[in-house]
Ligand code: ZN
């Protein structure tokens, strides 16, 4: 099952450009907004499994917003792939990897234009994102998938100068400029992807592939991550968990490479879809 945010309304996809308007088809039982659907995820799933098989409405990519548009928390994880930890100059974590937030004001839909902060070094990090569908506090690893509504794509766009300046890294700030958390193009439930624990993911800059990995290489796979996080924090319906990026970020290259105005970043995950970001220079203040 695929669930999209089309102009703020929940749409159950029938193809990549048509779907059922949930509020209309459910006679107002669910929707139209996405947050109320995550609050009642189990009820929604039962209804969606019986939803009528009709093409429904048509939409375009420009109408898509983030599949969870108002998460209470965006949790993000660093150094969760061995090769990426190595390229970043760190030992792979044996405890829960570095955990930070991307502030909610950075969240956007799947296709967007992103302003490059002046004087910054802006990097790409394609990541599998889990959307929480049932409150998770102290859940066991073998029950964690029951608390996940589905999966989507995220770009953990990162400005490395501000991230690494000062006495201790500023992960949360350096990764939270406006538009630095594009997510989408829609949510796909775990049984609808080829293998929820082994999905190809990658991204390309102007058509040149820069990251190309598989989620089976996650040091803390999705279920273990959600279980470990839930020992400390309470994950709530609609919350997003960015699970970490594979190798190939610009900072880890020799020579280093960062995004430039006019470049296009395409990000994909097998069985989910793709997102597109274009980058523009920050306008000087008059
Ligand atoms: Zn990241």
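The values are calculated or read from the model by the stated rules, or taken from the named source; none is laboratory data. A quick note: this is a predicted structure, and the numbers were derived from the prediction, not measured. No Cβ is skipped: glycine too gets one built from the backbone with ideal geometry, and neighbour counts run over all protein chains shown.
Quick look at the numbers
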quantity: Only one of 211, 155, 163 that is within 13 Å of the ligand (Cβ to nearest atom), more than 15 Å from the chain's Cα centre (by Cα) and under 26 Å from residue 62 (Cβ atoms); calculated: 211
quantity: Yes/no for residue 140 being modelled with pLDDT of 95 or more, in contact with a helix residue (DSSP H, G or I) (Cβ under 7 Å, 6 or more places away or on another chain), crowded, with 19+ Cβ neighbours inside 10 Å and assigned by TED's automatic domain parsing to the domain that holds residue 103; calculated: no
quantity: Region 40-68: number of residues that are within 18 Å of residue 8 (Cβ to Cβ) and without any contact (Cβ under 8 Å) to a residue 60 or more places away in the chain; calculated: 9
quantity: Complete set of residues in region 151-207 that are in a strand (DSSP E or B) and either under 17 Å from residue 253 (Cβ atoms) or at pLDDT below 95 (or both); calculated: 158, 159, 202, 203, 204, 205
quantity: Among residues of region 229-248, those that are under 12 Å from residue 79 (Cα atoms) and surrounded by 20 or more Cβ atoms within 10 Å (Cβ to Cβ), counted; calculated: 5
quantity: Some residue of region 238-247 being over 17 Å from residue 153 (Cα atoms) and touching a strand residue (DSSP E or B) at 6+ places or on another chain (Cβ under 9 Å); calculated: no
quantity: Residues of region 1-35 satisfying the condition of being assigned to a helix (DSSP H, G or I), surrounded by fewer than 17 Cβ atoms within 10 Å (Cβ to Cβ) and free of Cβ contacts under 8 Å to residues at least 60 places away in the same chain; calculated: 24
quantity: Checklist (1) in contact with a helix residue (DSSP H, G or I) (Cβ under 8 Å, 6 or more places away or on another chain); (2) in contact (Cβ under 8 Å) with a residue 40 or more places away in the chain; (3) in a loop (DSSP other than H, G, I, E, B) applied to residue 231, failing item; calculated: (1)
quantity: Lone unmet requirement of (1) surrounded by 21 or more Cβ atoms within 10 Å (Cβ to Cβ); (2) in a loop (DSSP other than H, G, I, E, B); (3) outside the structural domain of residue 253 (by TED's automatic domain parsing) for residue 44; calculated: (2)
quantity: Filtered residues of region 78-118 (kept if on the phi > 0 side of the Ramachandran plot and surrounded by 15 or more Cβ atoms within 10 Å (Cβ to Cβ)); calculated: 79
quantity: The listed residue being farther than 23 Å from residue 7 by Cα, at pLDDT below 95, outside any loop (DSSP other than H, G, I, E, B) and more than 13 Å from the ligand (Cβ to nearest atom), out of 92, 83; calculated: 83
quantity: Set 274, 270, 264: member being surrounded by fewer than 15 Cβ atoms within 10 Å (Cβ to Cβ) and either modelled with pLDDT of 95 or more or on the phi > 0 side of the Ramachandran plot (or both); calculated: 264
